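Enquirer: Before we start, here is the structure in question, set down as structure tokens.
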Amino acid sequence: MGLRDMWRKYKEWFAVLVFITILTGLTLWYLYLNPQYIPRFLIAPIIALGFVAVMFLFPKYRQRFVKKVLSFHFKAQKRGGLFYRYGRIFNAVMITVLILFSLVAVSNPAILDIPYIPYLVAAIFIAFLISAVVFISGFLRAAGKWGLIIIAIAIIIAVLRILVLRNL
């Protein structure tokens with residue numbers, strides 16, 4: 001197998017590896033500059049390692065998990081239509097726009113004094129809400145009652161996080 005054949009076969013994995021390497025490097029750099037946030041960042045990797053250990057040690061659970069994920073994917077693809085096809089792209093664009101606008105506003109606060117900025121912020125916020133509604137409706141159509149349970153759990157976690165941060 002030549003280098004060109006390997007590239008065609010594994011280019012997606014290479015892209016994932018590069019993305020994870022960059023993300024890990026930036027996270028480590030941030031934690032090096034702000035060591036007080038290390039305990040908060042350790043929670044997610046510990047949960048992820050526990051999940052990976054369960055999936056590795058119990059093949060029966062792994063197979064059931066893969067079947068559930070694939071059935072959800074096919075169900076979402078069948079029911080989603082245009083929302084499924086273009087919804088993820090729209091969500092990615094909206095998240096990118098929000099991050100870029102936030103970075104510009106934080107690095108240059110004088111930009112907020114421009115008279116039309118409130119209209120721009122309102123337009124971005126409305127587009128983000130439309131994006132969120134499209135995503136949630138597609139998710140609920142595909143996931144059904146489990147989608148409602150997941151959304152309820154996410155809302156409870158968000159409320160608890162706000163309450164905990166308010167008391168700190």
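Enquirer: Given the conditions (1) modelled with pLDDT of 85 or more; (2) of a type in the set (Ser, Thr, Tyr); (3) loosely packed, with under 11 Cβ neighbours inside 10 Å, and given that residue 107 satisfies all but one, which numbered condition is not satisfied?
Expert: Condition (1) is where residue 107 drops out.
Enquirer: Of the residues 103, 112, 120, which is part of a helix (DSSP H, G or I), closer than 30 Å to residue 36 by Cα and free of Cβ contacts under 8 Å to residues at least 24 places away in the same chain? Give the derivation first.
Expert: Numbers: 112 fails: closer than 30 Å to residue 36 by Cα; 120 fails: closer than 30 Å to residue 36 by Cα.
Matching residue, one of 103, 112, 120: 103.
The values are calculated or read from the model by the stated rules, or taken from the named source; none is laboratory data. The structure presented is a predicted model; accordingly, all values stated were derived computationally and were not measured. We place every Cβ from the backbone using ideal geometry, glycine too, and count neighbours over all the protein chains shown.
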